[in-house]
Amino acid sequence: MDIILQGFQVILDPGVLIYILAGTVLGVVFGALPGVSSAMATMLALPFTYTMGALPAIAFLVTVYCAAVTGGSITAILFRIPGTPSSACTCLDGYPMLERGEAGKALGIALITSAMGGIFSALVMMLLTRQLAAVALRFGPTELFAVAFMGLSVMTALDAGNALRTVISGLLGLGLACIGIDPIQGFNRLTFGSIQLMNGIEMIPIMVGLFAVVEVMKQLIKKRDLGEGKITSTNTQIKGLGLWKMKFTILRSAVIGTAVGILPGAGATIASFLSYAAEIKLSKHPETFGKGEPRGVAASETANNAATGGSMVPLLSMGIPGGNAAAVMMAAMTIKGVQMGPLLIRTQPQFLSTVFATQVLTGVLMVIISIGVAKVFTKILDIPYSYLGTTILMLSIVGAFATNNNITNVLIMAIAALVGVAFNKYKFSSSALVLGLVLGEICESNLRRGVLISKGFAGFFRSPITTVLLLVSAFMLLWPVVGPYVKKRMKKETKAA
Amino acid sequence: MIFELLFNAALLLVAVICFVNITLVAPEPIQGNMNAAQWPQLIFGLLAVCLVINMVRIYRNTPKEERNLKPLKAISLQHLLGSRLTWAFVTLFGAIPALNILGFFPTGIVFCCVFTFLFGERKPLRIILPAIIITLVLYVLFINLNIMLPRGTGVLRSFHLFTEGIFRFR
């Protein structure tokens with residue numbers, strides 16, 4: 001309890017409070033820009049911390065990181081551009097809500113559930129860091145493979161009516177993830193002599209191409225002008241969100257997000273896909289997902305923000321950066337003299353408490369600031385689509401290029417857009433492709449490490465966690481095929497009885 | 001049907017090429033572990049099988065009277081050139097080498113002009129002025145975030161370096 005109070009004491013200092021406020025605004029704006037991922041936002045914020053003390057610097061960076069994940073949802077909903085990879089799922093239902101004239105509702109749900117996810121995970125972390133760190137330590141390559149495989153197994157849930165096409169899309173994503181230097185042997189795969197492809201395929205250009213550019217092309221064919229249509233700033237009022245009806249969705253997604261975030265190497269993107277798919281599986285009306293279902297937005301946004309809190313556990317308690325943003329933060333903390341690892345709780349507990357207290361405060365501030373920022377962004381919808389669409393395309397090009405200052409990424413984005421148009425026409429699933437791309441590297445590297453450590457695939461089943469996760473995955477994969485037969489048989493039996 | 005089959009066939013071709021490529025250049029297998037080629041082989045193998053099943057399903061689910069090549073014959077160059085989507089993609093793909101050679105500024109302005117035109121705007125001032133504003137705003141925003149945009153080559157590179165000096169505020 002003392003540690004928690006100490007954390008709040010640090011962040012309620014007026015100087016630190018100003019840094020947190022500035023960090024929230026910066027993070028939300030950075031996150032909203034395509035191509036500026038949460039990791040890049042943290043990196044861009046790094047120079048500001050050089051003159052700060054250790055504790056304010058950490059509070060500032062944590063704020064930027066958390067707020068950037070939230071900021072990604074704004075452009076995902078308004079322009080179908082996922083600002084960060086973790087907001088890809090938000091596009092699926094957020095944008096159809098906007099098309100229905102519910103931009104304000106979608107944004108309100110995204111921002112408030114983001115805050116809820118962040119606060120939930122921060123509170124869990126505060127109370128259970130040691131215990132959760134111990135659990136996370138039990139997750140080796142086989143367990144991580146099982147988690148990633150579970151992520152893949154939910155793929156069929158993304159579009160149950162087109163299971164085969166969804167699987168094909170997912171496999172394409174997994175195939176794309178194989179391009180580049182392989183993670184274990186350092187072998188060059190499928191680069192066809194291109195130096196640019198050696199680093200692999202970046203997620204942002206693919207997402208921007210598949211979602212944002214395809215949407216602009218669709219509007220181009222439709223000749224529809226959103227600015228003069230029904231979506232104007234007048235119906236973007238943030239009210240009547242119906243959050244109480246979504247309480248279980250929010251709770252489930254917060255738990256999934258926190259749990260996935262704790263696992264080193266996993267992250268906000270996987271968390272959002274997993275909780276989105278979980279909602280589809282548990283929903284009585286799965287057919288509404290992807291067509292503007294508020295629960296879809298809530299699930300994705302709660303989980304990706306909860307994962308940011310979770311990712312602090314391996315970073316602080318074990319010194320393992322779970323992702324790129326965590327690695328940047330680790331570098332910044334090392335500069336400031338923080339010794340991350342198991343001894344941190346004993347030797348420098350103030351850092352741990354500051355991080356979690358900052359997350360709680362950022363969650364609260366984010367609601368206020370993000371709604372303000374979102375309202376400014378929604379005004380953009382009043383611009384005629386001939387300009388808005390062009391701006392989205394320009395932003396997409398810049399976003400793809402900015403991923404690593406490489407023109408090849410713009411080409412990848414253009415190809416992804418072309419494929420995306422065909423995907424739309426022939427009912428393939430762009431989100432399954434993205435899921436495959438996100439999970440491909442994690443799945444492969446952990447499978448191969450697991451096989452090496454366990455001396456064969458059979459060794460995977462020695463771990464109870466792996467066994468349970470793989471069984472659940474198998475059930476989730478097979479249920480869409482077996483389920484209808486089982487239901488038919490049960491109906492027949494009932495009739496006969 | 002025919003276009004859908006062709007799209008699936010194109011994906012199948014990609015899957016087969018990738019499978020063959022990774023098999024031909026596969027590294028030596030490591031004892032007790034998977035090598036770098038096995039995972040991609042599994043993925044592309046499965047992908048090829050799924051695509052074949054999908055193609056068979058498409059063919060079977062199409063009514064017999066629609067199983068023909070008529071839609072292919074109906075395509076004409078005139079039809080393609082008249083499509084706004086074709087021009088949009090030509091502009092998008094054309095912008096890539098242009099960004100490398102001309103840099104962000106000229107390419108961005110021309111790109112915006114073309115797309116504004118494709119969206120139906122016809123008045124020259126309403127095309128050119130917003131194009132300059134959009135390009136300039138994005139340029140200033142990103143160079144101030146230390147994200148360097150394409151500078152082009154030759155004189156245009158010097159021009160971009162000059163503008164970066166002007167518009168960078170810190």
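The values are calculated or read from the model by the stated rules, or taken from the named source; none is laboratory data. Predicted model, so just to flag it, every value in this text is computed and none were measured. Using ideal geometry, Cβ is built from the backbone for each residue, glycine included, and neighbour counts are taken over all protein chains shown. These accessible areas exclude ligands, DNA and RNA; they are computed on the full protein's heavy atoms, side chains included. Shrake-Rupley method; radii C 1.70, N 1.55, O 1.52, S 1.80 Å.
Solvent exposure of the stretch B:78-167, expressed per residue, is 50 Å² of accessible area, with all protein chains present and a 1.4 angstrom probe.
Give the separation of the Cα centroids, the stretch A:333-373 to the stretch B:85-134, in Å. When both Cα centres are located, 44 Å separates them.
Could you report the buried accessible area between A and B, both sides summed, computed with a 1.4 Å probe and given in Å² to the nearest 100?
Numbers: alone 21250 and 12410 Å², together 28020 Å².
Summed over both sides, the interface buries about 5600 Å².
Can you list the equivalent-ellipsoid semi-axes of the stretch B:78-167, largest first and in whole Å, using the square root of 5 times each Cα gyration tensor eigenvalue? Numbers along the way, then the final one.
On the way: eigenvalues 138, 48, 21 Å².
Calculated on Cα positions only, the semi-axes equal 26, 15, 10 Å.
Between amide H atoms placed 1.01 Å from N, distances below 5 Å from A:R189 occur with A:G180, A:I181, A:D182, all of them 5 or more places distant or on a separate chain. Here the Karplus relation 6.51 cos²θ - 1.76 cosθ + 1.60, evaluated at θ = phi - 60°, turns the backbone of the stretch A:51-64 into coupling constants of 9, 8, x, 4, 5, x, 4, 5, 4, 5, 5, 4, 4, 4 Hz, with x for every Gly and Pro.
In terms of the Cα gyration tensor, with a ≥ b ≥ c the square roots of its eigenvalues, is chain B rounded because a/c is under 1.5, prolate because a/b exceeds b/c, or oblate? The shape class here is oblate.
Within 10 Å of the Cβ of each residue in A:166-172, the mean number of Cβ atoms contributed by other protein chains is 6.
Eigen-decomposition of the gyration tensor built on the alpha-carbon atoms of the protein assembly as shown gives equivalent ellipsoid semi-axes of 36, 34, 26 angstrom, largest listed first. Dimensions of the stretch B:117-162 from C-alpha coordinates, computed as largest minus smallest value along each principal axis and given longest first, are 34, 25, 16 Å. Computed from phi, the 3J(HN,Hα) profile of the stretch A:386-401 under the Karplus parametrisation 6.51, -1.76, 1.60 (θ = phi - 60°) reads 4, 8, 4, x, 5, 5, 4, 5, 4, 5, 5, 5, 5, x, 5, 5 Hz, with x in place of Gly and Pro.
Simple rule: put +1 on each Lys or Arg Cβ and -1 on each Asp or Glu Cβ in the protein assembly as shown, find the dipole, and look at A:C443, A:L176, A:L433; the Cα lying farthest toward the positive end is A:L433.
Normalised by the number of residues in chain A, the average gap of Cα pairs under 8 Å and 6 or more apart makes the relative contact order 29 percent.
Roll a 1.4 angstrom probe over the protein heavy atoms and tell me the percent of accessible area of the protein assembly as shown that is carbon or sulfur.
Working: 19080 of 28020 Å².
The computed percentage sits at 68.
Close amide H partners of A:K336, meaning residues 5 or more places away or on another chain with modelled amide H under 5 Å apart, do not exist here. Mean partner shielding of peptide A:414-420, defined as the number of other chain Cβ atoms within 10 Å of each residue Cβ, is 3. Once both labels are positioned 7 Å from their Cα atoms along Cα-to-Cβ, the gap between B:N144 and A:A22 label points is 1.5 nm.
Between B:I2 and B:L129, full extension at 0.36 nm per residue minus the direct alpha carbon distance yields a gain of 41.3 nm.
For the pair B:V16 and A:I184, a Förster radius of 25 Å applied to the C-beta separation gives a FRET efficiency near 0.50, rounded to the nearest 0.05. Computed over chain A, the per-residue total of -39500 (n - 2.57) for DSSP H runs of n ≥ 4 gives a 222 nm mean residue ellipticity of -23000 deg cm²/dmol, rounded to 500. Couplings for the stretch A:170-183, taken from phi via the Karplus curve 6.51 cos²θ - 1.76 cosθ + 1.60 with θ = phi - 60°, read x, 5, 4, x, 4, x, 4, 5, 7, 5, x, 6, 6, x Hz in order; Gly and Pro are left as x. Among complete DSSP H helices in chain B, those whose alpha-carbon atoms stretch at least 27 Å along the helix's long axis and whose mean Kyte-Doolittle hydropathy reaches 0.5 are B:2-24, B:38-61, B:124-144.
Can you give the local net charge around A:S429? Use residues other than it whose beta-carbon is closer than 12 angstrom to its beta-carbon, Lys and Arg +1, Asp and Glu -1. Mind showing how you got there, number by number?
Values: positive: A:R165, A:K427; negative: A:D159.
Charge balance in the 12 Å sphere: +1.
A cut-off of 5 Å between modelled amide H atoms, ignoring neighbours fewer than 5 places along the same chain, links A:I81 with A:A76. The value of relative contact order for chain B, using C-alpha pairs under 8 Å at least six residues apart, is 19 percent.
Please give the per residue accessible area of chain A, computed with a probe of 1.4 Å over protein heavy atoms only, in Å². Working shown, then result.
Details: 18400 Å² over 497 residues.
Result: 37 Å² of accessible area for each residue.
Peptide B:40-52 is shielded by partner chain Cβ atoms: per residue, an average of 5 of them sit within 10 Å of its Cβ.
How much solvent-accessible surface does A:L437 expose, in Å² to the nearest 10, with a 1.4 Å probe and all protein chains in place? The value for A:L437 is about 10 Å². Starting from the Cα of A:R462, step 7 Å along the direction of its Cβ; do the same at B:L24; then give the gap between the two resulting points in nm. Once both label points are built, they end up 4.1 nm from each other. For the stretch B:132-170, heavy-atom accessible area (probe 1.4 Å) falls by no less than 10 Å² from the chain alone to the full protein assembly at B:I134, B:L138, B:L141, B:F142, B:L145, B:I147, B:M148, B:L149, B:P150, B:R170.
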